[in-house]
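Before any comments, here is the structure.
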Amino acid sequence: MSLSISLVGARGRMGRTIVELAPEQGLSIASALDTGDDLAAGLARGDVIIDFSFHEATAEVIAHAVRLGKPLIIGTTGHSLERRAALLKEAAKVPCVWAGNYSVGVNLLNALTERAAAVLSDDYDAEVVEMHHRFKKDAPSGTAARLLEIILAARQLGPEALRHGRQGVPGERTRREVGIHALRGGDVVGDHTVIFAAQGERIELTHKASDRAIFARGALRAAAWVSGRAPAVYDMQDVLGLGPANAAPTTVAAATNTASSAA
Ligand code: NAD
(Lines give C-alpha, C1' and ligand atoms only; values in the text may rest on other atoms or scores of the structure.)
Protein backbone atom coordinates (compact mmCIF):
# COMPACT_ATOMS: atom_id res chain seq x y z
CA MET A 1 0.00 0.00 0.00
CA SER A 2 1.39 3.44 -0.91
CA LEU A 3 2.30 5.99 1.72
CA SER A 4 -0.07 8.87 2.28
CA ILE A 5 0.86 12.42 3.26
CA SER A 6 -0.70 14.99 5.60
CA LEU A 7 0.42 18.32 4.20
CA VAL A 8 0.60 21.60 6.15
CA GLY A 9 0.74 24.74 4.00
CA ALA A 10 -1.16 23.03 1.19
CA ARG A 11 -2.40 26.24 -0.44
CA GLY A 12 1.07 27.80 -0.64
CA ARG A 13 3.53 27.70 -3.54
CA MET A 14 5.35 24.63 -2.20
CA GLY A 15 2.18 22.97 -0.94
CA ARG A 16 0.50 23.15 -4.34
CA THR A 17 3.61 21.72 -6.02
CA ILE A 18 3.73 18.81 -3.57
CA VAL A 19 0.05 18.00 -4.17
CA GLU A 20 0.73 18.00 -7.92
CA LEU A 21 3.86 15.81 -7.77
CA ALA A 22 2.96 13.29 -5.04
CA PRO A 23 1.31 10.80 -7.45
CA GLU A 24 4.41 10.64 -9.69
CA GLN A 25 6.38 9.49 -6.61
CA GLY A 26 3.74 6.90 -5.74
CA LEU A 27 2.46 8.87 -2.76
CA SER A 28 -1.07 10.08 -2.05
CA ILE A 29 -2.40 13.10 -0.15
CA ALA A 30 -4.47 12.12 2.89
CA SER A 31 -5.10 15.69 4.05
CA ALA A 32 -4.25 19.08 2.58
CA LEU A 33 -4.20 21.57 5.45
CA ASP A 34 -3.72 25.31 5.63
CA THR A 35 -4.52 28.28 7.87
CA GLY A 36 -7.90 27.89 9.55
CA ASP A 37 -8.00 24.09 9.25
CA ASP A 38 -8.15 21.75 12.23
CA LEU A 39 -4.57 20.40 12.33
CA ALA A 40 -5.33 17.91 15.13
CA ALA A 41 -8.00 16.19 13.04
CA GLY A 42 -6.21 16.56 9.68
CA LEU A 43 -2.84 15.27 10.86
CA ALA A 44 -4.45 12.17 12.34
CA ARG A 45 -4.93 11.04 8.74
CA GLY A 46 -1.96 10.00 6.62
CA ASP A 47 1.31 8.14 7.28
CA VAL A 48 3.84 11.00 7.05
CA ILE A 49 3.45 14.72 7.85
CA ILE A 50 5.03 17.30 5.52
CA ASP A 51 5.23 20.94 6.61
CA PHE A 52 5.92 23.81 4.20
CA SER A 53 4.04 26.62 5.90
CA PHE A 54 5.27 29.35 8.23
CA HIS A 55 7.84 29.27 11.03
CA GLU A 56 5.28 30.13 13.69
CA ALA A 57 3.33 26.96 12.85
CA THR A 58 6.26 24.54 13.28
CA ALA A 59 5.94 24.02 17.06
CA GLU A 60 2.31 22.99 16.72
CA VAL A 61 3.04 20.67 13.80
CA ILE A 62 5.86 18.96 15.73
CA ALA A 63 3.66 18.61 18.83
CA HIS A 64 1.01 16.81 16.76
CA ALA A 65 3.63 14.58 15.11
CA VAL A 66 5.02 13.58 18.53
CA ARG A 67 1.53 12.99 19.98
CA LEU A 68 0.61 10.84 16.98
CA GLY A 69 4.05 9.18 16.71
CA LYS A 70 4.22 10.03 13.01
CA PRO A 71 7.28 10.68 10.84
CA LEU A 72 7.76 14.29 9.87
CA ILE A 73 9.32 16.32 7.05
CA ILE A 74 9.99 19.99 7.80
CA GLY A 75 10.67 22.33 4.91
CA THR A 76 9.63 25.58 6.57
CA THR A 77 12.46 28.08 7.15
CA GLY A 78 12.90 31.32 9.09
CA HIS A 79 13.15 30.09 12.72
CA SER A 80 15.19 32.05 15.23
CA LEU A 81 18.27 30.40 16.76
CA GLU A 82 16.68 29.72 20.14
CA ARG A 83 13.44 28.55 18.59
CA ARG A 84 15.17 26.17 16.26
CA ALA A 85 17.24 24.57 19.04
CA ALA A 86 14.10 23.92 21.09
CA LEU A 87 12.19 22.63 18.05
CA LEU A 88 14.99 20.25 17.07
CA LYS A 89 14.85 18.67 20.53
CA GLU A 90 11.13 18.01 20.21
CA ALA A 91 11.35 16.86 16.58
CA ALA A 92 13.99 14.25 17.55
CA LYS A 93 11.24 12.30 19.35
CA VAL A 94 9.97 11.09 15.95
CA PRO A 95 11.75 10.20 12.70
CA CYS A 96 12.15 13.65 11.16
CA VAL A 97 13.94 15.08 8.14
CA TRP A 98 14.62 18.80 8.49
CA ALA A 99 16.38 20.54 5.60
CA GLY A 100 16.55 24.17 4.58
CA ASN A 101 16.74 22.97 0.99
CA TYR A 102 15.49 19.67 -0.41
CA SER A 103 17.15 19.88 -3.83
CA VAL A 104 19.82 17.35 -4.75
CA GLY A 105 21.91 20.06 -6.45
CA VAL A 106 22.01 22.29 -3.39
CA ASN A 107 22.99 19.41 -1.15
CA LEU A 108 25.87 18.77 -3.53
CA LEU A 109 26.70 22.51 -3.37
CA ASN A 110 26.89 22.14 0.41
CA ALA A 111 29.35 19.27 0.06
CA LEU A 112 31.46 21.20 -2.50
CA THR A 113 31.47 24.29 -0.28
CA GLU A 114 32.64 22.23 2.66
CA ARG A 115 35.46 20.80 0.55
CA ALA A 116 36.48 24.21 -0.84
CA ALA A 117 36.43 25.83 2.60
CA ALA A 118 38.63 23.05 3.96
CA VAL A 119 41.18 23.41 1.12
CA LEU A 120 41.28 27.23 0.87
CA SER A 121 42.85 29.25 3.67
CA ASP A 122 41.29 32.44 5.03
CA ASP A 123 43.41 34.20 2.41
CA TYR A 124 40.35 33.44 0.25
CA ASP A 125 37.60 35.83 1.29
CA ALA A 126 34.31 33.92 1.53
CA GLU A 127 31.03 35.64 0.64
CA VAL A 128 27.57 34.20 -0.05
CA VAL A 129 25.03 35.82 -2.37
CA GLU A 130 21.44 34.61 -2.66
CA MET A 131 18.47 35.81 -4.71
CA HIS A 132 14.81 34.89 -4.35
CA HIS A 133 11.39 36.02 -5.60
CA ARG A 134 9.81 39.16 -4.21
CA PHE A 135 7.33 37.19 -2.05
CA LYS A 136 9.92 35.49 0.14
CA LYS A 137 9.44 36.55 3.74
CA ASP A 138 12.66 35.51 5.51
CA ALA A 139 16.26 36.52 4.83
CA PRO A 140 18.83 35.23 4.37
CA SER A 141 17.40 32.01 2.98
CA GLY A 142 17.70 28.76 4.93
CA THR A 143 19.99 27.52 2.17
CA ALA A 144 22.32 30.50 2.48
CA ALA A 145 22.31 30.05 6.23
CA ARG A 146 23.45 26.46 5.84
CA LEU A 147 26.25 27.48 3.44
CA LEU A 148 27.39 30.12 5.94
CA GLU A 149 27.32 27.59 8.72
CA ILE A 150 29.56 25.26 6.73
CA ILE A 151 32.05 28.08 6.02
CA LEU A 152 32.03 29.30 9.64
CA ALA A 153 32.62 25.77 10.92
CA ALA A 154 35.53 25.23 8.51
CA ARG A 155 37.11 28.52 9.64
CA GLN A 156 36.26 28.06 13.30
CA LEU A 157 34.29 31.29 13.40
CA GLY A 158 31.05 32.09 15.23
CA PRO A 159 27.91 33.83 13.93
CA GLU A 160 29.39 37.21 14.98
CA ALA A 161 31.71 36.91 11.97
CA LEU A 162 28.76 37.35 9.59
CA ARG A 163 28.34 40.65 7.72
CA HIS A 164 24.81 41.18 6.39
CA GLY A 165 25.37 43.40 3.38
CA ARG A 166 27.63 46.38 3.90
CA GLN A 167 26.89 50.08 3.92
CA GLY A 168 28.43 53.33 5.03
CA VAL A 169 32.10 52.96 5.83
CA PRO A 170 32.55 49.44 7.19
CA GLY A 171 36.30 49.68 6.62
CA GLU A 172 38.58 47.20 4.95
CA ARG A 173 37.47 43.61 4.90
CA THR A 174 39.14 41.44 7.54
CA ARG A 175 39.98 37.74 7.22
CA ARG A 176 37.66 36.95 10.10
CA GLU A 177 34.42 37.94 8.39
CA VAL A 178 32.01 36.22 6.01
CA GLY A 179 29.61 38.33 3.97
CA ILE A 180 26.00 37.44 3.18
CA HIS A 181 23.91 39.36 0.68
CA ALA A 182 20.18 38.72 0.10
CA LEU A 183 18.70 39.96 -3.18
CA ARG A 184 14.92 39.96 -3.72
CA GLY A 185 12.96 40.40 -6.92
CA GLY A 186 10.66 39.02 -9.57
CA ASP A 187 9.98 35.31 -9.74
CA VAL A 188 13.46 33.94 -8.96
CA VAL A 189 12.96 30.46 -7.44
CA GLY A 190 16.36 30.44 -5.70
CA ASP A 191 19.96 31.32 -6.70
CA HIS A 192 22.95 30.75 -4.39
CA THR A 193 26.59 31.60 -5.07
CA VAL A 194 29.51 30.96 -2.76
CA ILE A 195 32.56 33.09 -3.60
CA PHE A 196 36.12 32.48 -2.46
CA ALA A 197 38.21 35.47 -3.60
CA ALA A 198 41.98 35.81 -3.17
CA GLN A 199 44.65 38.04 -4.70
CA GLY A 200 44.94 36.77 -8.27
CA GLU A 201 42.04 34.30 -8.46
CA ARG A 202 38.42 33.76 -7.54
CA ILE A 203 36.32 30.62 -7.27
CA GLU A 204 32.54 30.77 -7.52
CA LEU A 205 30.20 27.87 -6.82
CA THR A 206 26.69 28.56 -8.10
CA HIS A 207 23.39 26.74 -7.97
CA LYS A 208 20.29 28.09 -9.71
CA ALA A 209 16.86 26.60 -9.13
CA SER A 210 14.44 27.30 -11.96
CA ASP A 211 11.54 25.14 -10.80
CA ARG A 212 10.37 24.58 -7.21
CA ALA A 213 9.49 21.03 -8.25
CA ILE A 214 13.07 20.11 -7.21
CA PHE A 215 12.26 20.95 -3.56
CA ALA A 216 8.92 19.13 -3.72
CA ARG A 217 10.46 15.99 -5.24
CA GLY A 218 13.22 16.03 -2.61
CA ALA A 219 10.71 16.41 0.23
CA LEU A 220 8.58 13.57 -1.16
CA ARG A 221 11.70 11.42 -1.50
CA ALA A 222 12.55 12.26 2.13
CA ALA A 223 9.00 11.29 3.17
CA ALA A 224 9.39 7.85 1.61
CA TRP A 225 12.89 7.49 3.15
CA VAL A 226 12.02 8.53 6.71
CA SER A 227 9.18 6.08 7.24
CA GLY A 228 10.26 3.29 9.54
CA ARG A 229 13.51 5.04 10.65
CA ALA A 230 14.50 5.42 14.30
CA PRO A 231 13.38 8.67 15.98
CA ALA A 232 16.03 11.36 15.27
CA VAL A 233 16.44 14.48 13.16
CA TYR A 234 18.01 13.68 9.79
CA ASP A 235 18.96 15.97 6.90
CA MET A 236 19.05 15.59 3.13
CA GLN A 237 22.67 14.42 3.27
CA ASP A 238 21.32 11.34 5.07
CA VAL A 239 18.46 10.87 2.59
CA LEU A 240 20.79 11.18 -0.40
CA GLY A 241 23.57 9.11 1.16
CA LEU A 242 26.03 11.99 0.76
CA GLY A 243 27.45 11.33 4.23
CA PRO A 244 27.30 13.64 7.19
CA ALA A 245 28.58 17.17 6.70
CA ASN A 246 31.19 18.22 9.24
CA ALA A 247 29.28 21.34 10.18
CA ALA A 248 26.93 21.01 13.12
CA PRO A 249 23.20 20.83 12.40
CA THR A 250 21.83 24.10 11.20
CA THR A 251 22.00 26.86 13.73
CA VAL A 252 23.12 29.76 11.58
CA ALA A 253 19.74 29.88 9.88
CA ALA A 254 18.39 31.23 13.00
CA ALA A 255 21.41 33.17 14.10
CA THR A 256 21.32 35.17 10.93
CA ASN A 257 17.63 36.02 11.25
CA THR A 258 16.35 38.42 13.78
CA ALA A 259 13.06 37.29 15.24
CA SER A 260 11.23 40.07 13.44
CA SER A 261 12.84 39.61 10.03
CA ALA A 262 12.20 35.89 10.09
CA ALA A 263 8.64 36.47 8.97
P1 NAD B 1 3.75 30.40 0.81
O2 NAD B 1 3.63 31.67 1.57
O3 NAD B 1 3.41 30.39 -0.66
O4 NAD B 1 2.87 29.26 1.48
C5 NAD B 1 2.78 29.03 2.86
C6 NAD B 1 1.39 28.45 3.16
O7 NAD B 1 1.35 28.11 4.55
C8 NAD B 1 0.26 29.46 2.89
O9 NAD B 1 -0.78 28.86 2.13
C10 NAD B 1 -0.20 29.83 4.31
O11 NAD B 1 -1.60 30.15 4.36
C12 NAD B 1 0.11 28.54 5.06
N13 NAD B 1 0.21 28.74 6.51
C14 NAD B 1 0.75 29.79 7.18
N15 NAD B 1 0.60 29.62 8.50
C16 NAD B 1 -0.04 28.43 8.67
C17 NAD B 1 -0.48 27.70 9.81
N18 NAD B 1 -0.31 28.19 11.06
N19 NAD B 1 -1.09 26.51 9.63
C20 NAD B 1 -1.28 26.02 8.37
N21 NAD B 1 -0.91 26.66 7.25
C22 NAD B 1 -0.28 27.86 7.39
O23 NAD B 1 5.25 29.92 1.03
P24 NAD B 1 6.08 28.84 0.19
O25 NAD B 1 6.87 29.52 -0.86
O26 NAD B 1 5.18 27.70 -0.18
O27 NAD B 1 7.12 28.37 1.31
C28 NAD B 1 6.68 27.82 2.53
C29 NAD B 1 7.89 27.63 3.47
O30 NAD B 1 8.78 26.69 2.88
C31 NAD B 1 8.71 28.92 3.66
O32 NAD B 1 9.20 28.91 4.98
C33 NAD B 1 9.84 28.77 2.66
O34 NAD B 1 10.98 29.51 2.98
C35 NAD B 1 10.07 27.27 2.76
N36 NAD B 1 10.73 26.66 1.60
C37 NAD B 1 11.59 25.67 1.88
C38 NAD B 1 12.20 24.98 0.86
C39 NAD B 1 13.11 23.82 1.20
O40 NAD B 1 13.64 23.16 0.28
N41 NAD B 1 13.29 23.53 2.49
C42 NAD B 1 11.95 25.31 -0.49
C43 NAD B 1 11.05 26.34 -0.75
C44 NAD B 1 10.43 27.01 0.32
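Tabulated data
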item: By accessible area with a 1.4 Å probe, ligands and nucleic acids excluded, highest first: order of LEU220, LEU240; result: LEU240, LEU220
item: Within region 151-218, GluC sites (Glu not before Pro) in DSSP loop having at most 12 other beta-carbon neighbours inside 10 Å; result: GLU172
item: Modelled FRET efficiency - R0 51 Å, ALA198 with ALA41, Cβ distances, 0.05 increments; result: 0.35
item: In degrees, nearest ten, helix 213-226 long axis to first principal axis of the chain (Cα); result: 60 degrees
item: Antiparallel content of DSSP bridges confined to region 96-215, in %, to 5; result: 65 percent
item: DSSP-defined antiparallel bridges as percent of all bridges, the chain, nearest 5; result: 35 percent
item: Tail beyond 18 Å, pair distance distribution of region 84-152 (Cα, percent); result: 51 percent
item: Packing-based order for 65-74, 205-214, using average beta carbon neighbours within 10 Å, highest first; result: 65-74, 205-214
item: Cα-based helix-to-principal-axis angle, 58-68 vs the chain, degrees rounded to 10; result: 40 degrees
item: Relative contact order [Cα under 8 Å, 6+ residues apart], region 104-209, whole percent; result: 40 percent
item: Region 114-174, accessible area per residue, ligands and nucleic acids excluded (1.4 Å, Å²); result: 52 Å²
item: Within the accessible area of the chain (1.4 Å probe), percent carbon and sulfur; result: 52 percent
item: Non-local Lys pairs in the chain, i.e. 8 or more apart or on different chains, that have alpha carbons under 26 Å apart; result: 5
item: Dimensionless Rg/Rh of the chain - Kirkwood Rh, Rg from C-alpha atoms; result: 0.98
item: Rounded tilt (10° steps) of 142-155 against the dominant C-alpha axis of the chain; result: 50 degrees
item: Per-peptide average of other Cβ atoms within 10 Å, ordering 161-170, 21-30 highest first; result: 21-30, 161-170
item: Value of [θ]222 nm, deg cm²/dmol, for the chain, DSSP H segments ≥ 4, -39500 (n - 2.57) each, nearest 500; result: -10000 deg cm²/dmol
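The values are calculated or read from the model by the stated rules, or taken from the named source; none is laboratory data. What you are looking at is a predicted structure, and each value in this text was computed from that prediction instead of being measured. We place every Cβ from the backbone using ideal geometry, glycine too, and count neighbours over all the protein chains shown. What goes into the accessible areas is simple: the full protein's heavy atoms, side chains included, and nothing from ligands, DNA or RNA. Shrake-Rupley method; radii C 1.70, N 1.55, O 1.52, S 1.80 Å.
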